[in-house]
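Below: one structure, written as structure tokens.
The values are calculated or read from the model by the stated rules, or taken from the named source; none is laboratory data. Here the structure is a predicted model, which is why all the values come from computation and not from measurement. Cβ: placed from backbone, ideal geometry, glycine included. Neighbour counts: every protein chain shown. These accessible areas exclude ligands, DNA and RNA; they are computed on the full protein's heavy atoms, side chains included. Shrake-Rupley method; radii C 1.70, N 1.55, O 1.52, S 1.80 Å.
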Amino acid sequence: MTVTWLCVPLWAEMQRRGWFPLWLALLLGVAAAFAVARLYLRESARLRLPGRLTLALIRITLVLLIAFLLLRPAWVHRDERSRQRPIAILIDISQSMGQADARPNADDQWRIALAWGLIEPGSSLPTGTPASTLTSRLPERPTRLEIVQKVLTHPKLDLLNRLSRKGPLEVYTFGTQRMARSTSQWDWLTQLQPEAPGTALADAAAELLQRDELDTPAAIVILTDGRDNASLRSFDDLARQCQRRGVPLHIYGVGTSSVSQIQAAFGPAHAGDAVSPEAKAAAGLDVPSTLFVDDIAAIPVRYTVQGVAEGTVELVLWYGEREVARKSHPVRLTPEEQLRGKTYADLLRFVPIKADAAAKKQEYVLTVTLTAGTGSTPVQLTTTISRAAQVIDRKLKVLVIDSRSRYDFQYLQRWLLRDRRVDARFYLTDGDKAAMRSGFPWLTELSRELNGTLSLDPDEFRQLLFDFDLLILGDVPKHFFTRQHAQLIQEFVTEGGGLIHVAGRWHAPAGWADRSVADPQNRHPLLEILPVELDAVRFPMEEPGSPAPFVPVPAPTAIGSPLLSLLDDPVRNAALWGEPGKLPRNDEDQLKPMYWYYPVRRVKPAAEVFLVHPVDRTPPPDNKPMPLMVGHFYGKGYVLFIGFCDTWRWRYNTRDKYFGRFWSQAVYTAGIPRLAGTRRTQLTPSSNSPVLGTSGEIYARIYDDKYQPLTVTELPATLRHHDSDPGDPQATTTVTFRQVPGAPGEYVAIVPYQKTGRFELTLDPGNGQPATLRYTVVYPERHELAPGPMAEAELRRLAADSRGGIAEGFYREEDLHKLPEAVQSQLAPVSRRQEVLLWNHWVLLLILGLLTAEWLGRRLLGLS
């Protein structure tokens, strides 16, 4: 206080701090001085003039000082100076910074060489790939954070020292939270680990802008991959705030601009694909799930390459343990294609052999290997996909019986006769008998009738029927088959034969239904094996009024069913079908409407509903959308009920594009189980792309060794994690399947997806046919550990927007030498205000001194 008070400049400003009025202080001071002067004029005459004046001056000074202090005066001084604003540095230590990028491109390889000090900073990136003598001195795949550490400690770049000349450094690391780091010693820099579970880049930078004018940084330097997933603010908000405060962002983007990856899928080419000549010639060809011996199998495949400029792709197709096809060709991508990926479509052909029909693994496996980059360390990326497919060593034998030559029968007959994988025979109960006895393609044995009833004895009929794999029954009169014949058809299905029933207006299934028969044992055998319960409905020759058109709607559980896949593009395929509660659209993108269907009462337990009516519902108490196509397993065989007979309308302007594909899939779905045998244990996941942190359901359909639905309440299964660490006690766990109430043979297990990687679920219910399901759990799209490129486009835009749209402020390794020079120093005004109150102990001492001096003077002069 003493030094400060003594050093206050003389030009400091005098201010009052008290409430006492100035005019009153002046009045009191003048009055007091006048009173003092008068007092000393009237003192004793013995007091000489010098003594009188001295004492009067002391007393006047005292009273004037007291009057002055009534104003509580203060000396105020402002010191205006300036100082450099700090330079803030933010280092990303989130988990994504631990990603080790594959770098097949030459530029990315040279950037690593620059970070490791093997080429001079400031020089342009060399052309071509680094020589082996250089790459041998580089780490194989450094993490992004390791690159940051090398860049910041690079002696020739000298970034930290050069930046410190532009202002005092403030260094922070950030993930979900920002943490200050020491700038006096840098040992912590080499010990950083990418452990933060999220990236809040925008929030971390915005917090630095909340300071007052003096502490606001002159610039913010950010070292990150830009994968912000935890900020409450957007990059746009941050850029606007930076521009408003005049704080530009300087961003060093770490990592590669696109992740080098390859993805594959079975399926035909889509619009925009790079199509090989073979795939182009087979446009629209679907992926076959059933293959026939000595029949050429054509497998369409698609694969997407991303993040590489050029390389070579090799396709290897296996069936079971046998390599059946191999193909390789070069790929070349533009810079834009490297970012978004480029998809290629190709076709692999092979001829199944008899050994394939006996293979333990009834599936084909595609391995796609991308070799990118040149030199001594090319990058290889591989992906493998598989798909179940059965090889059949004979043709599918189909018998089609109808009452008359309906349109559906006519076109189905033509289609089946053209299919090289099908051996079809036909019969019309009301057809011309001479034609029915004429031979191929008619089954002449069925022409042995007596009064419209088949007169074959049971043994003959059994031998005839069991020679086929699939029976398609149309509008067949009830009296054509005797009860023994119908029971043999029931036995045929039970032992693995397929049955498709196409409902008709006049005879079937109305002729099989008799609600007066209460005992199931006495009901018509053909009614028992259908997947629906129905009543006998008679239809008039002509409907009164105009029948309402409709387009069948896929049931929610059957949207992805191959049976309903009439186009390979899922979006266009969905547009083909009807929509709940809506009339037909009457456009070229939708199937032609139908005008008739056979109503049912309800669906039997464990049956699969494929198509429903868009408006009509089943009668109460069921009251569900009216089923139009339903299937289920009956014993070993599969039964498909089709409640309409207008699929011929789908040929309008499309010929067999939709009609043929629909019937091919229906025929193979129902007929293949007899050829290949029904799997007694079937596993189906609720999701084909499990995501970490979620859970999913795995469904099981299980039959015993007699092909009856299993009835146990619980079944244990083994779940193995193939990508677990060695010695991990949780690598193998037990999953419990529980029976679905009211659905015999149906089981479900809930599986939590707690780890990423490849999993294999094995269920052995003791029926002689265990089943295995393989799936891969992946990270969510914005998860820190999900593979992904540096967000270069977003970071470039953020840096530019922070300075009003000027395309500056983003740096790669080859530009880092420019960064310190691009940072501009900024001076912040510093105002220091000094204030000294004059009502203090020094003034009090002065007052006491004056009082003492006057008292002593008066005593010495002999005054009272």
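In the set Ala828, Ala807, Ala799, which member is outside any helix (DSSP H, G or I) and surrounded by 15 or more Cβ atoms within 10 Å (Cβ to Cβ)?
Ala828
Is at least one residue of the stretch 359-367 touching a strand residue (DSSP E or B) at 6+ places or on another chain (Cβ under 9 Å), open to solvent by 30 Å² or more (accessible area, probe 1.4 Å) and closer than 30 Å to Thr135 by Cβ?
Yes, there is a match, as at least one residue in the stretch 359-367 is touching a strand residue (DSSP E or B) at 6+ places or on another chain (Cβ under 9 Å), open to solvent by 30 Å² or more (accessible area, probe 1.4 Å) and closer than 30 Å to Thr135 by Cβ.
Could you check the stretch 473-498 and list, in sequence order, the residues that are in contact with a Gly (Cβ under 9 Å, 6 or more places away or on another chain) and within 21 Å of Ser405 (Cβ to Cβ)?
Result: Gly474, Asp475, Val476, Pro477, Lys478, His479, Phe480.
Determine whether the stretch 94-105 contains at least one residue that is outside any loop (DSSP other than H, G, I, E, B), buried (at least 17 other Cβ atoms within 10 Å of the Cβ) and among the charged types (D, E, K, R).
Among the residues of the stretch 94-105, not one is outside any loop (DSSP other than H, G, I, E, B), buried (at least 17 other Cβ atoms within 10 Å of the Cβ) and among the charged types (D, E, K, R), which makes the answer no.
Please enumerate the residues belonging to the stretch 713-746 that are among the polar types (S, T, N, Q), out of contact with any Asp or Glu (no Cβ under 8 Å at 6 or more places or on another chain) and surrounded by 16 or more Cβ atoms within 10 Å (Cβ to Cβ).
Ser724
Could you run through the stretch 364-421 and say how many residues are of a type in the set (Ser, Thr, Tyr) and either in contact with a Phe, Trp or Tyr (Cβ under 6 Å, 6 or more places away or on another chain) or assigned to a loop (DSSP other than H, G, I, E, B) (or both)?
So the answer is 8.
Here is a check on your reading of the model: is Val571 surrounded by 16 or more Cβ atoms within 10 Å (Cβ to Cβ) and out of contact with any His (no Cβ under 6 Å at 6 or more places or on another chain)?
No, not satisfied.
What about Arg425, is it open to solvent by 10 Å² or more (accessible area, probe 1.4 Å) and out of contact with any strand residue (DSSP E or B) (no Cβ under 6 Å at 6 or more places or on another chain)?
no
Looking at this structure, is Ser328 open to solvent by 50 Å² or more (accessible area, probe 1.4 Å), out of contact with any Lys or Arg (no Cβ under 8 Å at 6 or more places or on another chain), closer than 22 Å to Asp273 by Cβ and without any contact (Cβ under 8 Å) to a residue 40 or more places away in the chain?
yes
All but one of (1) surrounded by fewer than 17 Cβ atoms within 10 Å (Cβ to Cβ); (2) within 30 Å of Ala359 (Cα to Cα) hold for Ile392, so report the exception by its number.
Ile392 satisfies every listed condition except (1).
Within the stretch 747-763, which residues are farther than 14 Å from Leu773 by Cα, touching a Leu at 6+ places or on another chain (Cβ under 9 Å) and part of a strand (DSSP E or B)?
Correct list: Tyr747 only.
If we only count strands (runs of 3 or more DSSP E) wholly inside the stretch 233-300, which ones have 2 or more residues that are open to solvent by 50 Å² or more (accessible area, probe 1.4 Å)?
Filter on the stretch 233-300 gives 261-266.
Could you check Asp616 against (1) modelled with pLDDT of 90 or more; (2) outside any strand (DSSP E or B) and say which number it fails?
So the condition that Asp616 fails would be (2).
Are there any pairs, at least 6 apart or on different chains, whose C-beta atoms fall under 6 Å, with the first in the stretch 130-151 and closer than 14 Å to Ala102 by Cα and open to solvent by 80 Å² or more (accessible area, probe 1.4 Å) and the second of a type in the set (A, V, I, L, M) and not in a helix (DSSP H, G or I), and if so, which?
Arg141/Ala100
Does the stretch 115-142 hold any residues that are among the basic types (Lys, Arg) and under 14 Å from Pro104 (Cα atoms), and which are they?
Hit for the stretch 115-142 is Arg141, nothing else.
Starting from the stretch 352-377, take each residue that is under 22 Å from Asp294 (Cβ atoms) and small (Gly, Ala, Ser) and list its partners that are part of a helix (DSSP H, G or I) and at pLDDT below 90, counting only C-beta distances under 9 angstrom and pairs at least six apart or across chains.
Ala357/Ala676
So which pairs qualify, if the first residue must be in the stretch 723-742 and of a type in the set (A, V, I, L, M), the second must be in a loop (DSSP other than H, G, I, E, B), the Cβ gap must be under 9 Å, and the two must be at least 6 apart or on different chains?
Here the result reads Ala731/His722; Ala731/Ser724; Ala731/Asp725; Val740/Ala606, each pair linking the stretch 723-742 to a residue that is in a loop (DSSP other than H, G, I, E, B).
Taking Ile87 as the residue in question, decide whether it is open to solvent by less than 60 Å² (accessible area, probe 1.4 Å), touching a Ser or Thr at 6+ places or on another chain (Cβ under 8 Å) and either among the basic types (Lys, Arg) or within 30 Å of Gly198 (Cα to Cα) (or both).
yes
I'd like the full set of residues that are open to solvent by 20 Å² or more (accessible area, probe 1.4 Å) and either charged (D, E, K, R) or over 14 Å from Glu608 (Cβ atoms) (or both), limited to the stretch 626-644.
Hit for the stretch 626-644 is Lys636, nothing else.
For the stretch 319-364, give me each residue that is modelled with pLDDT under 90 and within 13 Å of Ala389 (Cβ to Cβ).
Gly320, Asp356, Ala357, Ala359, Lys361, Gln362, Glu363, Tyr364
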